[in-house]
């Protein structure tokens, strides 16, 4: 048995102390991101631009041969050689009482500075770029195909060079109608 300050310490006591330290560490690690001020976050963390709170739920490459991905790629031709479809799925929460504009100029950038623009999508999961989100509402709207889908987020679709996969991390730039640019590091 170990002694600390004149008291016997058991393995159970050490385990409790270690568990408490881990809990405190986890709680404190989540305190680094403040959506009110941080304009550069990682996927899964919110970023606030104006009155809109953006949260990229997931980003992933889409395969036209995959049954689930076919719905995301509705109406898209097979990608050209050396190109890939990238879906960025997000929630957008309007914290204002009035309708707000959804940006139309999202961009994905690689570490070499190459930027990719979103491409038009007719998918039921697609975010309407340049559209509006109603006061105190969210996108995707509850009850919509995107909200009830497996990812539960609206998709922005990109066609990127396959070489960009070697120049990661990729980032999503969100150009806010109110001025600031948010950056989300994608987890792909």
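None of the figures in this text is laboratory data; all of them are computed from the coordinates on show. Just so it is clear, the structure is predicted and the values come from calculations on it, not from any experiment. Glycine also receives a Cβ, built like all others from the backbone with ideal geometry; neighbour counts cover every protein chain displayed.
No other residue among 178, 163, 121 is more than 21 Å from residue 44 (Cα to Cα) and surrounded by 21 or more Cβ atoms within 10 Å (Cβ to Cβ) apart from 121.
In the stretch 61-79, of all residues being over 22 Å from the mean Cα position of the chain (by Cα) and touching a residue at least 60 places away in the same chain (Cβ under 8 Å), the one that is nearest to residue 159 (Cα to Cα) corresponds to 79.
Would you check which residues across the stretch 70-92 are closer than 21 Å to residue 43 by Cα and surrounded by 18 or more Cβ atoms within 10 Å (Cβ to Cβ) and list them? Within the stretch 70-92, 72, 85, 86, 87, 88, 89, 90, 91, 92 meet the criteria.
Of all positions in the stretch 138-151, at least one carries a residue that is part of a strand (DSSP E or B), within 18 Å of the chain's Cα centre (by Cα) and crowded, with 19+ Cβ neighbours inside 10 Å. Scanning the stretch 93-111 for residues that are outside any loop (DSSP other than H, G, I, E, B) and surrounded by 20 or more Cβ atoms within 10 Å (Cβ to Cβ) yields 94, 100, 108.
Scanning the stretch 112-137 for residues that are part of a loop (DSSP other than H, G, I, E, B) and touching a helix residue (DSSP H, G or I) at 6+ places or on another chain (Cβ under 9 Å) returns 112, 114, 121, 123, 124, 125, 127.
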